[in-house]
1. Residues of region 69-100 being in contact with a Leu (Cβ under 8 Å, 6 or more places away or on another chain) and open to solvent by 10 Å² or more (accessible area, probe 1.4 Å), which ones?
2. Across region 124-138, which residue is modelled with the highest pLDDT among those that are open to solvent by less than 30 Å² (accessible area, probe 1.4 Å) and over 28 Å from the mean Cα position of the chain (by Cα)?
3. From the list 456, 496, 482, pick out the single residue that is within 30 Å of the chain's Cα centre (by Cα), assigned to a loop (DSSP other than H, G, I, E, B) and farther than 30 Å from residue 425 by Cβ.
4. Within the bounds of region 415-426, is there any residue that is open to solvent by 10 Å² or more (accessible area, probe 1.4 Å), within 22 Å of residue 278 (Cβ to Cβ), of a type in the set (Val, Ile, Thr) and touching a strand residue (DSSP E or B) at 6+ places or on another chain (Cβ under 8 Å)?
5. Is it the case that some residue within region 285-296 is among the hydrophobic types (A, V, I, L, M, F, W, C), over 18 Å from the mean Cα position of the chain (by Cα) and open to solvent by less than 20 Å² (accessible area, probe 1.4 Å)?
6. Which one is nearest to residue 279 (Cα to Cα) among residues in region 213-234 that are open to solvent by 70 Å² or more (accessible area, probe 1.4 Å) and not in a helix (DSSP H, G or I)?
7. Considering each of 210, 151, 171, 175 in turn, give the residue that is among the small types (Gly, Ala, Ser), surrounded by fewer than 17 Cβ atoms within 10 Å (Cβ to Cβ) and either under 22 Å from residue 65 (Cα atoms) or under 23 Å from the mean Cα position of the chain (by Cα) (or both).
8. It is to be established whether one or more residues within region 531-539 are open to solvent by 90 Å² or more (accessible area, probe 1.4 Å), among the charged types (D, E, K, R), farther than 17 Å from residue 586 by Cβ and in a strand (DSSP E or B).
Amino acid sequence: MGLWTKFFTTVIKTIFGTCGKGDHQQGFRPMSYNGVRLWIQDHHVLLDNGIVQVTLSKPGGLVTGVRYNGLDNVLEVLNQEGNRGYWDVVWSALDDSGRKGVFEVISATSYKVIVETEEQVELSFSRPWDPCLRGKLAPINIDKRFVLLRGSSGFYTYAIYEHLGSAEWQGFSLGETRIAFKLRKDRFHYMAVADDRRRYMPLPDDRLAGRAQPLAFQEAVSLVNPVVPEFRGEVDDKYQYTCENKDLMVHGWISNDPPVGFWQIIPSNEFRTGGPLKQNLCSHVGPTCLAVFVGAHYAGDDLVPKFAQGEPWKKVFGPVFIYLNSTMCGEDPITLWDDAKRQMMVEVSSWPYSFPASEDFPKSHDRGNCRGRLLVRDRYLYNDDILANGAYIGLAPRGDVGSWQRECKDYQFWTEANCSGEFSIKNVRCGEYNLYAWVPGFLGDYQFHAPLTIIPGCDINLGDLIYEPPRDGPTLWEIGIPDRSAAEFHVPEPNPNYVNQLFVNNPKRRKEDNSYEGTTWQIKFRLENVRYAAIYKLRIALAGAALAEVQIRVNDPNKPRPLFTTGLIGRDNAIARHGIHGLYWLYNIDISGTLLIEGENTIYLKQPRNQSPFQGIMYDYIRLEGPPN
């Protein structure tokens, strides 16, 4: 145990006290192989397998208690029972009822035992909707499931959402749905979301008035008088810990006393919206632990699914595994993070699970596979086709080229190509899909020319696929790396008064009158020979945009009308939420040779929108191509 750990633990014990007799058993790591048992009480049900005991409200299906390793409850006992572990939605009606942004914790109205054996107990907590509930509850039938298996150090949860295809079913939009757990603040102080993002965290009390100063964005506060003095002067903001779906497979919290870990493991991204690069909240100060399935963060309204009146829709979210672990006496509790990562790999290798009882969750034999090899053809770079090493390749609902990043109603299945460009997409739900891809290092999106139909047991071999990225002529110059991220572009060092020490080594546009100004970049370059009768091509890829605009002018910054403008674009808000990208935008602009001169040229990139410091764009890649050879 390091000096920081000892210091932190001493301060916390001073505040909250040490655990009383019977609250935990130091050094006890349960190893029980008892069968699963179910106890039904008047207002609660209990699932117990001798390792973990889960208590749920009846019939609401809210997680009120999780007992593990002698801790009577790892959830926050100071909270009301409805604010410990729950599924929730944020929804808006698409009519004139005025119901907008309604937050609803899903409390079921009926309860049923689906499976009860010594090997497994599965419970259903359902909340049906009918027209008499119009305007009161989200117009979805919701069936929440909880599963406990023999010998498992944790439990599973999933849910089936359905909007029926009949005229009386109200149209609505689903702004967010997720699972949330609120853990004990007197126990869980160390958070881990990635190997390079894990630390002891401020306490929720540190965000209260008198201990914190609110900043420009409502979720961000400066810690001016934290309980643990070491945090003084830092900024806390839950958006500092968001992750892309492809990297967000396990995250959670560790208690030092007793040494217990609480983790959410998401073994598949098939039910999360927006593809592998979509960023979502996970764990943050609370201590809070989230699994977000649908959300507009880092994308905006483009990733809010909208369902018309009577539009049929059904989707299964999950299962997600809630994993608990502990150390033997004397072991460093921080090693629980390494164990959680190992368990995540076990869960991933077990997908799709065989145990869910719902017919809406297809097992492995009811799914199909697709494979092939992707090559890139760009004759201005190489004479031979290029192996698409590291390409992201996926099956998603049918749509236009690149539509996958805005798709938010159905399922997506993604993989990465190996060093030879070979890929295999396994365990795909049956249905019709387009095959999409994009290759780091190359502009644009690939889409296979025909839809693919997945049926049970199929193994579709597409052979060699050729992607020809946008290209009209030779590269005259380029800025950045085409990887859908602004990571290589300069980010000014933060004001030292607003720092999170986790990001220490990672100027505002505000004027003296507190207004803001637009910005203009200049790209200066020389041309020795200009073909005045030809067309040059400027390609601009954006990694994100928030209520912004890019205007293009060539060699004349004061020309009244720009050569090109994107118009007002983007609502991803990634700049305000510490993101290095939001949604991807690609623009291809023709520049007449008559606008260029032999010698020094300048292209002006102006972002004129200035109502807020959070309006702006993030560049991914810029390239100027000469006329075709």
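1. Matches in region 69-100: 76, 81, 82, 84, 86, 90.
2. Ranking the qualifying residues of region 124-138, first place goes to 129.
3. 496
4. yes
5. no
6. 218
7. Going through 210, 151, 171, 175 in turn, just one is among the small types (Gly, Ala, Ser), surrounded by fewer than 17 Cβ atoms within 10 Å (Cβ to Cβ) and either under 22 Å from residue 65 (Cα atoms) or under 23 Å from the mean Cα position of the chain (by Cα) (or both): 151.
8. No, the conditions are met nowhere in region 531-539.
The values are calculated or read from the model by the stated rules, or taken from the named source; none is laboratory data. None of the values given here were measured: they were computed from a predicted structure. No Cβ is skipped: glycine too gets one built from the backbone with ideal geometry, and neighbour counts run over all protein chains shown. The accessibility values were calculated without ligands, DNA or RNA, using every heavy atom of the protein model including side chains. Shrake-Rupley method; radii C 1.70, N 1.55, O 1.52, S 1.80 Å.
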